[in-house]
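*Asks:* One structure follows; several queries about it will come next.
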Amino acid sequence: MQKGNIFIVAAPSGAGKTTLVSALLAADANVRLSVSFTTRAPRAGETNGQDYHFVSRDTFLGMIERSELLEHAEVYGNFYGTSEKWIREQLATGQDILLEIDWQGAQQVRRLFPEAISIFILPPSLEVLEQRLRGRGKDAEEAIQVRLKSAQDEIRHVDEYDYVIVNQHIDESVHDIISIVRAARLRLENQSLKFGTLIAELKGV
């Protein structure tokens, strides 16, 4: 059976990652989003098990101690992590998985799955990034400045990724991320597993 692909999508806050990921999931039913565990409180409209698995800090630390997490990181005082068991089970069935994580998590995943395909989303400029953060109307000035600094810290890791999308025009960016996923499935390794018999027949082997 063809093993599933792991797609890592990372971006600074305000780059439009959530919008692009949502568009990809809507366009491609063969990609499943990994639902992360987190210690932060649910926000208005968020559903446990759908947006995140919301757990206590003690529960999360226990998961770390039992080595149950594929990756984990602390962001703004809250922990986030991915279940390793769930990921491996999904990949074994041929399911493609998408991880929406930060650079720390991406590094951890690549150490265990060097074949993972990583995508970084960039804003067209720092000015646009700041406009998007302010346009949310959710954060105080101090929080905005913290997010801007964190954004630049995240962007400094852009050269660690396989693909980079500059999210200037949303329609083009959606097309780009869908194209990356489809192209990954056409790699020789994947096609050899899926069409091994056909390829051998055509080669006359």
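*Asks:* Helix-only mean residue ellipticity at 222 nm, the chain, DSSP H runs n ≥ 4 weighted -39,500 (n - 2.57), per residue, nearest 500. What is it?
*Replies:* The helix contribution divided over the chain gives -14000 deg cm²/dmol.
*Asks:* Mean separation of Cα pairs under 8 Å and 6+ residues apart, divided by the residue count of the chain: what relative contact order is that in percent?
*Replies:* 32 percent
*Asks:* Can you sort Trp103, Trp86 by how many other beta carbons sit within 10 Å, fewest first?
*Replies:* In increasing order of surrounding Cβ atoms, one gets Trp86, Trp103.
*Asks:* Angle between the Cα long axis of helix 126-135 and the longest principal axis of the chain, 0 to 90 degrees, nearest 10?
*Replies:* 70 degrees
*Asks:* Can you flag which of Lys3/Lys203; Lys3/Lys194; Lys17/Lys149 are past 21 Å Cα-Cα?
*Replies:* Those over the limit are Lys3/Lys203.
*Asks:* Let me ask something additional. Would you mind telling me the antiparallel percentage of the DSSP bridges in the stretch 26-134, rounded to 5?
*Replies:* 55 percent
*Asks:* Report, to the nearest 10°, how far helix 170-185 tilts away from the longest principal axis of the Cα atoms in the chain, using its own Cα long axis and a range of 0 to 90°.
*Replies:* 40 degrees
Coordinate-derived values only; no laboratory data. Just so it is clear, the structure is predicted and the values come from calculations on it, not from any experiment. All Cβ positions, even for glycine, are placed from backbone atoms using ideal geometry, and neighbour counts span all protein chains on display.
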